[in-house]
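The values are calculated or read from the model by the stated rules, or taken from the named source; none is laboratory data. Computed from a prediction, not measured in an experiment: that's the story for all the values here. Glycine gets a Cβ as well: all are built from the backbone with ideal geometry, and neighbour counts include every protein chain shown. Surface accessibility is based on the protein's heavy atoms, side chains included, excluding ligands, DNA and RNA. Shrake-Rupley method; radii C 1.70, N 1.55, O 1.52, S 1.80 Å.
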Amino acid sequence: MSVADSAYTVEIAAGVSGLDRDQWNALNHNDNPFMRHEFLSAMEDSGSVGPGTGWEPVPIVIRDAEGRLAAATPSYVKHHSQGEYVFDHAWANAWERAGGHYYPKLQIAAPFTPATGPRLLLRDEALAPHLLEAVETLCQRSDIATAHATFVDREQLPLFEQSGWLTRSDIQFHWHNRGYKDFDDFLGALASRKRRALRKERSAAQADVRIVRLSGDDIRQEHWDAFWVFYQDTGLRKWGTPYLTRDAFTLLGQTMADSMILVMAEQDGEWVAGALNFVGPDTIYGRYWGCTRHIRFLHFELCYYQAIDIAIERGLKHVEAGAQGGHKLVRGYEPEQTWSAHWIGDPGFRRAVADFLEREREGIATDQMFLDQRTPFKKG
C-alpha cells in the first residue's frame, strides 16, 4: 500500500520490538512512557501480548523515502475485550445478535493501560489521515468489523474525528498540582473535615510499616519478586488471570527503571505491599498495586498519597491513578473526561453505535457535573 505522497509507504509490522527503537521513540514527542518502544516491546518480549493472549501485535507504520519511520500506531488484533478498560461488551453482544462477527477487532492502545496518551505517533500531523486510512484498509482486507483507539490524548481527538471516527468519553479521577509546596499545602486547599480525614488515614497507614521509594538501579530482582506476588493477588481477584507475565517486570526494570517508581511497604522485615508508578514529563501514572497483608488505609497511602507527594516533589502537574475508583474523589482526585475513538465499517451498525454514544454522552456530562460538585476542595 502507498499513501497519497508516493515518497511514503505503509507497512504492517510483526511487532514493535522489531522496529527501530530510536526512530519509534522520536515520534513519541511528549515521551509518554506507555508509547515508548521499551514499554511496548516489553509487552511482546515477555509474552504478555502475542500468541495465546488474544492480543496479536500488528503495528502499522508509514516510512519515508529513506525507509525511516514517519508515522506509527501500536495496534493489535483482539479476540476478546479484556485489558482495555473501555467497555464495548454491549456493542459486541448487539452485533453478534444481528448476525455479525464482532471479533476479531483492531485495538490501538497501550496494552492493559488505562492512561491517556497519543495513539498516532506522527512526524507530521498531515500523515494522520493516511495512517488512519491504513488502519481502515487493514480492517477491510482482513474482515475486521471495528477498530478502536482507547485513552486518546484529547489533543488528538480532532485527527480521528476528521477521518470520520466516532468518539466516546468516560470519566477517570486525576489529581492536579496547583503549585503546592508540599502535602500539607495541598491539604490546605481542602475543606477542614476532609483535611482531617486524610491526615488520619495517612497516620494510620504509616503507623506500623516502613515505606520506601525505589527507582533506577535501586529496584532489584528481590523487589520485583515481591511485587510479582502483590500483582498476582490483585490480578487474580480483579480479572481472574494477571495480564502481565513475571518477565514483563524484569524487562521493564532493565529498560525503563529510571521512568518507574516502586513504592514498597515493609512490616516485620517483610515486604507486604507495593505500588508501581510510571513517570512522564509532567505526569505520574499509578499502574499496579497489591499486598499480602490487609493494613487499613495502606492502599490509599501507597497508590494515592505517595503519588501526590512525588508529583509535588518533582514539580509534576498531574497524577493519573488508573481506571475506576470513585473513592479517589474524596482524596483530592478530580473527575476528568477520557476519550476513545471508534471506526465501524458496517453503516447500519455505525448508526446504531452513534445513537448509543449520543445518549451515553448526555449521561457522562450529567455525571461530570454531579462529581464536580462533590470534590473535597473548599467552596467559594
Original post:
Of everything in region 278-290 that's open to solvent by 30 Å² or more (accessible area, probe 1.4 Å) and in contact with a His (Cβ under 9 Å, 6 or more places away or on another chain), which residue is nearest to Asp225 (Cα to Cα)?
Top reply: Trp289
Subject >> Options Ala354, Ala341, Ala323: the member that is touching a residue at least 24 places away in the same chain (Cβ under 8 Å) and assigned to a helix (DSSP H, G or I) >> reply: Ala354
**OP:** Check Glu96 against each of (1) part of a loop (DSSP other than H, G, I, E, B); (2) modelled with pLDDT under 95; (3) surrounded by fewer than 16 Cβ atoms within 10 Å (Cβ to Cβ) and name the one condition it does not meet.
**Re:** (1)
Subject >> Tally of residues being part of a loop (DSSP other than H, G, I, E, B), open to solvent by 20 Å² or more (accessible area, probe 1.4 Å) and over 21 Å from Ala26 (Cα atoms) across region 36-63 >> reply: 4
Original post:
Is it the case that Leu27 is open to solvent by less than 40 Å² (accessible area, probe 1.4 Å), more than 26 Å from Thr245 (Cβ to Cβ) and touching a residue at least 12 places away in the same chain (Cβ under 8 Å)?
Top reply: yes
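Let's see how each residue does on (1) modelled with pLDDT under 95; (2) surrounded by 19 or more Cβ atoms within 10 Å (Cβ to Cβ); (3) farther than 22 Å from Lys194 by Cβ:
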{"site": "Thr250", "(1), (2), (3)": "no, no, yes"}
{"site": "Glu270", "(1), (2), (3)": "no, no, yes"}
{"site": "Gly274", "(1), (2), (3)": "no, yes, yes"}
{"site": "Phe297", "(1), (2), (3)": "no, no, no"}
{"site": "Tyr304", "(1), (2), (3)": "no, yes, no"}
{"site": "Val319", "(1), (2), (3)": "no, yes, no"}
Subject >> Leu69 vs. criteria more than 30 Å from Arg350 (Cβ to Cβ), among the aliphatic types (A, V, I, L, M) and open to solvent by 10 Å² or more (accessible area, probe 1.4 Å) >> reply: no
**OP:** Answer with yes or no whether Ala265 is modelled with pLDDT under 95, in contact with a strand residue (DSSP E or B) (Cβ under 7 Å, 6 or more places away or on another chain) and of a type in the set (A, V, I, L, M).
**Re:** no
Original post:
Which residues, taken from region 321-351, are small (Gly, Ala, Ser) and either open to solvent by less than 40 Å² (accessible area, probe 1.4 Å) or at pLDDT 95 or above (or both)?
Top reply: Ala321, Gly322, Ala323, Gly325, Gly332, Ser340, Ala341, Gly345, Gly348
**OP:** Considering (1) among the small types (Gly, Ala, Ser); (2) part of a helix (DSSP H, G or I); (3) touching a residue at least 60 places away in the same chain (Cβ under 8 Å), say which one Ala149 fails and leave the rest.
**Re:** (2)
Original post:
All but one of (1) over 24 Å from Phe278 (Cα atoms); (2) touching a strand residue (DSSP E or B) at 6+ places or on another chain (Cβ under 6 Å) hold for His80; which doesn't?
Top reply: (2)
Subject >> Residues (within 30 Å of Arg119 (Cα to Cα), part of a loop (DSSP other than H, G, I, E, B) and open to solvent by 40 Å² or more (accessible area, probe 1.4 Å)) located in region 165-194 >> reply: Arg178, Gly179
Original post:
Out of all the residues in region 357-380, which are crowded, with 16+ Cβ neighbours inside 10 Å and outside any helix (DSSP H, G or I)?
Top reply: Thr375, Pro376
Original post:
What single numbered condition from (1) touching a residue at least 24 places away in the same chain (Cβ under 8 Å); (2) open to solvent by 10 Å² or more (accessible area, probe 1.4 Å) fails to hold for Arg141?
Top reply: (1)
Original post:
Tyr231: open to solvent by 40 Å² or more (accessible area, probe 1.4 Å), out of contact with any Lys or Arg (no Cβ under 6 Å at 6 or more places or on another chain) and closer than 24 Å to His80 by Cβ, yes or no?
Top reply: no
**OP:** Consider only pairs whose beta carbons are under 8 Å apart and that are at least six residues apart or on different chains; among these, list those whose first residue lies in region 65-84 and is closer than 18 Å to Trp24 by Cβ and among the β-branched types (Val, Ile, Thr) and whose second residue is modelled with pLDDT of 95 or more and assigned to a loop (DSSP other than H, G, I, E, B).
**Re:** Thr73/Pro59; Thr73/Arg119; Thr73/Leu120
Original post:
Taking region 72-84 only, how many residues are open to solvent by less than 20 Å² (accessible area, probe 1.4 Å) and not in a strand (DSSP E or B)?
Top reply: 4
Original post:
Residue check: is Lys105 open to solvent by 50 Å² or more (accessible area, probe 1.4 Å), at pLDDT 95 or above and basic (Lys, Arg)?
Top reply: no
